[in-house]
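Just below is one structure, and these are the notes that go with it.
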Amino acid sequence: MPAKYHIHTRPAPPRFKPVGKYAIIDWREDCSACHNCVKRECAYSVYNDERDRLLQSVDYVDYLYECKGCLCCVQSCTKGLLSWQVNPQYLALGDEVWTADIISSTWYQSETGAIPVSGAGYPGPFRGPGFDSILTDMSEIVRPTRDGIHGREYISTQVDIGRKPMRLSFNPDGSLATDVSPVIEIPLPIIFNLMPWHELSLNVSRSIMDAANELATYAISDEPELLGHSAAVPHLTDRQPAPAGRTLIEFVDTPDVAERIARAKTAEPNLLAIVKLPLGSASIQRALQLARQGIDALHCYADWRGIVQDGGERKHITEAVRELHLAFVGEGIRDEITLIASGGISMAEHVVKTILCGADLVAVDVPLMIALECRVCMNCTEGLKCPVKFEEIDTDYAVQRIVNLMGAWHSQLLEMMGAMGIREARRLRGEVGRAMFFDDLERECFGPIFGQRKASAEVR
């Protein structure tokens, strides 16, 4: 059993004021200064530093990590001086995938290293597109020994990168006859991906590498200056030679990629090769071909919003990963290759759901930028000024913010796995019995009913 994995977090306050969600507007000119002021009773201590933070007579109390929108102060003020609304600047954050709630939650986790908890309950729907169309089975949460980070049972988030034989053969003398390939173990089912649309400074790229090293994981990089870093996974295009002395390299898929990898392994026998190719039905046969050619791992990706353009059809990453996983299972070679998935993964629960759909581990990208206070405003793609001066971030500060985010995600992985009764991240892969897919349920439950009704209508 591996040693218990622990991520060391510590507070890393934001450099810029976060955009708060809930706004309490305080009309103080009619305040009677009563001795029962509701501000002193706030369960979240929102008003503790009011004198320092509120300098005008009317302002927002929009402290992102304090006000939970419980409305106790609004309802209890005897003079009716307080009113509540959602901050319009907050509503303007992000887009339909990288929502304001995801951005603010990531900011909080990157600052504190803690799991975000809201005192206002959950007001939203229990069904939505993409990852929100999957519910996980938390029935084991009733067992106190499996209470995630608080439980007594050991829960491992360790995963492997590399090929594993489907069976073992032995010589007459009992020695192992099967050729076993090298395998790399990482304590977290997450590696860091190339950024999809942001040109990073060398300073920020180095921070990502240093954070990966502290977390004992890896980061994919195409920066020549960083390829010698111990956590670096060199990303090679079709014309780049494989650097010497590396145990993990990512190759862009080309017709001759197997030959390129074979040459690289001749020079470095312990090399593990990852081939990067897009998700989608058109790539399944290519993925199976690469697996049969002895490739160690595949990095299959959707776009940064988690969408796969599959011919004329749009699919979510979870659907495309399930299809690829089941194709390997159908061929009887699933364990012979490691599947890394990336694209649109923005929360810890998305890591779990992607692995449930069949991935071995995931590669994350945009959350690392949000951890460094990115607002997903896309100014950088249009040559406009970054509102948080992204390229001026101190290295040590950036490392701690990323480590804090992964610390919070790790705690959530333990919570979810414990509630699902799964003690090994390896066992989580493809465990669809621990998930409910709304689209499948609707098709199975209501498809026959509405199908019969449609047929009856056609007969009439």
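Any read-out appearing in this document is the output of simple, stated calculations on the displayed coordinates, not a laboratory observation. These numbers were taken from a predicted model, which means no experiment stands behind them. Backbone-built Cβ (ideal geometry, glycine too); neighbour counts: all protein chains shown.
Structure summary
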| item | result |
| --- | --- |
| Reachable lysines from Lys276, criterion Cα separation under 18 angstrom, eight or more residues apart if same chain | Lys265 |
| Members of Lys39/Lys68; Lys21/Lys385; Lys164/Lys315; Lys17/Lys385 lying beyond 19 Å, as alpha-carbon distances in this model show | Lys21/Lys385; Lys164/Lys315 |
| Average Cα contact separation per residue, the chain, under 8 Å, 6 or more apart, as relative contact order % | 21 percent |
| Packing-based exposure ordering (other Cβ within 10 Å, fewest first) of Cys70, Cys300 | Cys70, Cys300 |
| Net +/- balance of residues flanking Trp98 in space, Cβ distance below 13 Å, scoring K and R +1, D and E -1 | -3 |
| For Ile284, Ile402, Ile295, order by how many other beta-carbon atoms lie within 10 Å, fewest first | Ile284, Ile295, Ile402 |
| Stokes-Einstein translational diffusion, the chain - Kirkwood Rh over all Cα pairs, 1.567 mPa s, 4 °C, in µm²/s | 53 µm²/s |
| Built amide H within the under 5 Å cut-off of Tyr22, gap 5+ | Asn87 |
| DSSP bridge pairs, the chain: antiparallel proportion in percent, nearest 5 | 40 percent |
